[in-house]
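Contents: one structure, followed by commentary.
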Amino acid sequence: MNIKTTILFMLMYVSVLFICSSVTSAQEKKEDKKLTNTISSELDGYFKSMMKTQNYVGLGACLIKGDKIVWDGYYGYANLGEKTPLTKDNIFQLASLSKTVTATALMQLYEQGLFKLDDDINDYMKLKVRNPNFPDKPITFRMLLTHTGSLEDVMSTGLKIPEGIKYPRGVAGDPHIPLNELEEELFTPGGKYYSVEYFSKSEPGTKYSYSNFAFSLIGYLVEKIAKVDFSEYCKEHIFRPLKMHNTGWFMRGLDTNKIIYGYGFPTNDSIASYRKVVHFGEPGYPAGNLRTTMTDFAKFVSAFINKGKYDNYQLLKPQTVALMLTPQGIKNIPTRSFPIIDIGLTWLINDIEGEQLYSMNGFSGSIFTNAVFSPKDRIGMIYFYTGITMKNMPAMLEITKKLYRAVKSFD
């Protein structure tokens, strides 16, 4: 075989390999697309059925793979009275899922070396917060982040309201009381919102007790350490860099026409009986008043899936994310859903179908929100629904499993 023949043969061989490879690649892409379409169709049918059987008013969900939304769906209404369809552009309240953002703001300051997790919080503000039952025992940043700071403001039956105390609850629109005023009146003995009943008889650091006050206090600490308004800090260091353009702690600055209404606690199972909840603001807003879109919040969750980075922005250092997801050894954490293994720094560690997943949810009485993710598998899911009854709340277990199985199937 001469040189020309050899070269011609080699070129033909390479060409055949290229063609075969191209055909195989095209076939694989076709199969992947077919699988994606099948999963999407199945999820669409599932949620349409759930809307009917559970009588939700509105429901939105998405699946995240790596740093991309691979599926999302929106069902029902953003405004039931006007029959306004729910879409991906709608803004919803995260409720207590907001706490993950508040914790992230604090941990950004932590990784700058501005405090240590086991420092006394009183060293970083003029306000002095102590459990009067244990006046010599410091409350630390770690305790606030793990709900072990001996603050007792949320009971199994709802919010604690001591007799004779008029704690400022939510109001229509944005809150009228600034965060610093709330905290100072809440934690200063003799303050208009202060009560010894808000403090546990268990020593700080020894018992889990879910607390909204802990996270409003975290927001206050961010203000004192960063020397800037908490909402502005989040805008500058979290929302803008992540391009979360439809996210904010207050309604001012958001397109209020896109904010969905919550519906909940009807007297029976008829959708017509649902109570519409006006858009409201809480003075202790860092504990649960963030509003966002599915697209925006998926960017935030993606950062935790991808070692603290989304797109070109390093929200948190990889070691800080690892620390936030490290079990803190907290026992006897109550749950109404999946078994809780432990808690990291705000994120719960759940056993879901034999896998260790991280989650946080929110509940306001008129909306339920949930985010679940696995950094190991680089997958996540977010969903919310309005139109809540005590009968349809447990469906979150089925929804979580359905979405988890689906996201694991995506290539």
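The values are calculated or read from the model by the stated rules, or taken from the named source; none is laboratory data. These numbers were taken from a predicted model, which means no experiment stands behind them. Here the Cβ is made from the backbone with ideal geometry for all residues, glycine too, and neighbour counts use every protein chain on show.
Of the residues making up the range 43-60, those that are closer than 28 Å to Phe304 by Cα and either out of contact with any Lys or Arg (no Cβ under 9 Å at 6 or more places or on another chain) or at pLDDT below 95 (or both) are Asp44, Gly58, Leu59.
In a residue-by-residue description of the range 307-319, the property of being in a strand (DSSP E or B), polar (S, T, N, Q), over 17 Å from the mean Cα position of the chain (by Cα) and surrounded by fewer than 19 Cβ atoms within 10 Å (Cβ to Cβ) applies to at least one position.
Within the range 94-105, does at least one residue satisfy the condition of being among the hydroxyl-bearing types (Ser, Thr, Tyr) and over 24 Å from Leu348 (Cα atoms)? Let's see the steps before the verdict.
Restricting attention to the range 94-105, the residues satisfying the condition of being among the hydroxyl-bearing types (Ser, Thr, Tyr) are 96, 98, 100, 102, 104.
If we keep only those that are over 24 Å from Leu348 (Cα atoms) too, we end up with none.
So far as the range 94-105 goes, no, none of its residues is among the hydroxyl-bearing types (Ser, Thr, Tyr) and over 24 Å from Leu348 (Cα atoms).
Hydrophobic (A, V, I, L, M, F, W, C) and in contact with a strand residue (DSSP E or B) (Cβ under 7 Å, 6 or more places away or on another chain): does that describe Phe134?
On the way: hydrophobic (A, V, I, L, M, F, W, C): yes; in contact with a strand residue (DSSP E or B) (Cβ under 7 Å, 6 or more places away or on another chain): no.
Answer is no for this residue.
Pairing each residue of the range 194-205 that is without any contact (Cβ under 8 Å) to a residue 12 or more places away in the chain and not assigned by TED's automatic domain parsing to the domain that holds Glu163 with any residue that is of a type in the set (Val, Ile, Thr) and in a helix (DSSP H, G or I), provided the two are 6+ apart or on different chains, yields no C-beta distance under 6 Å.
Among the residues of the range 327-345, those that are closer than 30 Å to Lys391 by Cβ and in a loop (DSSP other than H, G, I, E, B) comprise Asn332, Ile333, Pro334, Thr335, Arg336, Ser337, Phe338, Pro339. Examine the range 164-178 for a residue that is more than 22 Å from Phe280 (Cα to Cα) and surrounded by fewer than 23 Cβ atoms within 10 Å (Cβ to Cβ), and state whether such a residue exists. Yes, the range 164-178 contains at least one residue that is more than 22 Å from Phe280 (Cα to Cα) and surrounded by fewer than 23 Cβ atoms within 10 Å (Cβ to Cβ).
From Gly264, Gly253, Gly248, grab the single residue that is in contact with a Lys or Arg (Cβ under 9 Å, 6 or more places away or on another chain), at pLDDT below 95 and either buried (at least 17 other Cβ atoms within 10 Å of the Cβ) or under 17 Å from Leu97 (Cα atoms) (or both). Unique residue meeting the criteria: Gly264. Taking each residue of the range 374-386 that is among the charged types (D, E, K, R) and looking for partners that are in a loop (DSSP other than H, G, I, E, B) with beta-carbon atoms closer than 9 Å, six or more apart or interchain, yields Arg378/Gly66; Arg378/Asp67; Arg378/Asn306. Applying the criterion of being of a type in the set (D, E, K, R) and in contact with a helix residue (DSSP H, G or I) (Cβ under 7 Å, 6 or more places away or on another chain) to the residues of the range 83-127, the residue that is farthest from Ala371 (Cα to Cα) is Asp119.
With respect to the conditions (1) buried (at least 21 other Cβ atoms within 10 Å of the Cβ); (2) farther than 26 Å from Leu114 by Cβ; (3) modelled with pLDDT of 95 or more; (4) in contact with a helix residue (DSSP H, G or I) (Cβ under 6 Å, 6 or more places away or on another chain), Ser364 lacks only one, and its number is (3). Looking only at the range 195-207, residues that are closer than 15 Å to Ile165 by Cβ and crowded, with 16+ Cβ neighbours inside 10 Å come to 3 in all.
What number of residues within the range 348-390 are part of a strand (DSSP E or B) and under 20 Å from Lys307 (Cα atoms)? Give the derivation first.
Initial filter on the range 348-390 (part of a strand (DSSP E or B)): 348-352, 355-363, 367-374, 379-386, 388.
Right, trim to under 20 Å from Lys307 (Cα atoms) and you get 348-350, 355-360, 371-374, 379-382.
Here the count works out to 17.
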